[in-house]
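The values are calculated or read from the model by the stated rules, or taken from the named source; none is laboratory data. Everything quoted here is computed from the prediction, not taken from an experiment. Here the Cβ positions follow ideal geometry from the backbone for every residue, glycine too, while neighbour counts run over all protein chains shown. Accessible surface areas use protein heavy atoms only, side chains included; no ligands, DNA or RNA. Shrake-Rupley method; radii C 1.70, N 1.55, O 1.52, S 1.80 Å.
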Amino acid sequence: MREKPVGIFDSGVGGLTVLKEIAKLLPNEELIYLGDTARVPYGIRSAETVIKYSIECASFLFKKGIKILVVACNTSSSVSLEVLKEKLPIAVIGVIEPGVRAALKATKNGKIGIIGTEATIQSGAYPKKIKSIEPEIEVISKACPLFVPLVEEGILEGSIAELIVERYLKELKNSGIDTLILGCTHYPLLKKTIQKYMEGIQLVDSAEEISREVKEMLSYQGLINEKTNSGGKTFYVTDSPDRFKKIGEIFLDCKIDNIFKVSLEEGKIK
Ligand code: DGL
């Protein structure tokens, strides 16, 4: 069981920010990544559709014999985590809770900002989680739909990125928050530009936080792979691998091999 892979899925390429952090923290683990590139973005879709897609992604990875499922996508985590937990007999970890815990630890004045896709913000998953732990905290949310295409175009710094960041974050900057959750897989790549604009505000990177949680869970379950020289990575996509490879290499800052196109119609769980 220890040598079984860790499964990670996302709507597309963005979840590679999560894979990168997990690989850093758990270098012996074999990682299987699924990017549903044929149906990205999830962030503009209804909860019902995102749940359906997420079940299909989870089923595909489960059939690969994974020991834990990491839902790297904030949109999926926001709306489908409970359903996936019910359906799978292995641990399922989403990005919301680790991000929330880190933000609660970071805030001094009790005012937290959250940015994410439209679907994530509309779901209210982050504020609900925050309030369930600390009801007094003030939460201000903002959807930033242009951040995803910006990152996918590789525009991470410079005047265009700065203008768009300012347009979305102006209100948050003046709202008195002292902590901001980057509630989307793509946003860590804009961290430098966001931090420059949100001077003095603590940014919470959910990719870093979830990787710590995965390590804790595996260690709690006695499932950490101690075999060195393992740590291979396999990538599956639902559309042509070319674009994934091109953008993915920006995300990972290294070459991506071992990439296969698959259909999620095969072998769904009920
Ligand atoms: N992976 C998505 C998220 O973290 C962003 C891209 C999309 O909208 O599918 O919310």
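Any idea how many residues of the stretch 112-128 are closer than 11 Å to residue 77 by Cβ, of a type in the set (Gly, Ala, Ser) and more than 10 Å from the ligand (Cβ to nearest atom)?
Of the residues in that region, 2 qualify.
Can you name every residue in the stretch 110-131 that is within 10 Å of residue 144 (Cα to Cα) and in a helix (DSSP H, G or I)?
118, 121
What is the one condition in (1) out of contact with any His (no Cβ under 9 Å at 6 or more places or on another chain); (2) within 13 Å of the ligand (Cβ to nearest atom); (3) open to solvent by less than 10 Å² (accessible area, probe 1.4 Å) that residue 61 does not satisfy?
(2)
Taking into account only those residues within the stretch 105-130 that are surrounded by 15 or more Cβ atoms within 10 Å (Cβ to Cβ) and of a type in the set (D, E, K, R), which is nearest to residue 181 (Cα to Cα)?
That would be 111.
Looking for something polar (S, T, N, Q) and part of a loop (DSSP other than H, G, I, E, B) - is there at least one such residue anywhere in the stretch 65-82?
Among the residues of the stretch 65-82, not one is polar (S, T, N, Q) and part of a loop (DSSP other than H, G, I, E, B), which makes the answer no.
One residue is enough: does the stretch 67-76 have a residue meeting the conditions within 12 Å of the ligand (Cβ to nearest atom), open to solvent by less than 40 Å² (accessible area, probe 1.4 Å) and within 24 Å of residue 255 (Cβ to Cβ)?
Yes, the conditions are met somewhere in the stretch 67-76.
Is there any pair with a first residue in the stretch 6-21 that is within 15 Å of residue 231 (Cβ to Cβ) and more than 6 Å from the ligand (Cβ to nearest atom) and a second that is in a loop (DSSP other than H, G, I, E, B) and of a type in the set (S, T, N, Q) whose Cβ atoms are under 9 Å apart and which are 6 or more apart or on different chains, and what are they?
Sorted first by the residue in the stretch 6-21, then by its partner, the pairs are 6/225.
With (1) within 16 Å of the ligand (Cβ to nearest atom); (2) over 26 Å from residue 232 (Cβ atoms); (3) in contact (Cβ under 8 Å) with a residue 40 or more places away in the chain; (4) surrounded by fewer than 24 Cβ atoms within 10 Å (Cβ to Cβ) as the list, and residue 100 as the residue in question, which single condition is left unmet?
Of the numbered conditions (1) within 16 Å of the ligand (Cβ to nearest atom); (2) over 26 Å from residue 232 (Cβ atoms); (3) in contact (Cβ under 8 Å) with a residue 40 or more places away in the chain; (4) surrounded by fewer than 24 Cβ atoms within 10 Å (Cβ to Cβ), the odd one out for residue 100 is (4).
Does residue 173 satisfy the condition of being of a type in the set (Lys, Arg), in contact (Cβ under 8 Å) with a residue 12 or more places away in the chain and under 24 Å from residue 125 (Cα atoms)?
yes
Of the numbered conditions (1) outside any strand (DSSP E or B); (2) at pLDDT 95 or above, residue 17 satisfies every one except a single condition; which is it?
That leaves (2) as the condition not met.
Where in the stretch 140-234 are there helices (runs of 4 or more DSSP H), lying wholly inside it, with at least 2 residues that are within 16 Å of the ligand (Cβ to nearest atom) and open to solvent by 10 Å² or more (accessible area, probe 1.4 Å)?
147-152, 159-173, 206-220
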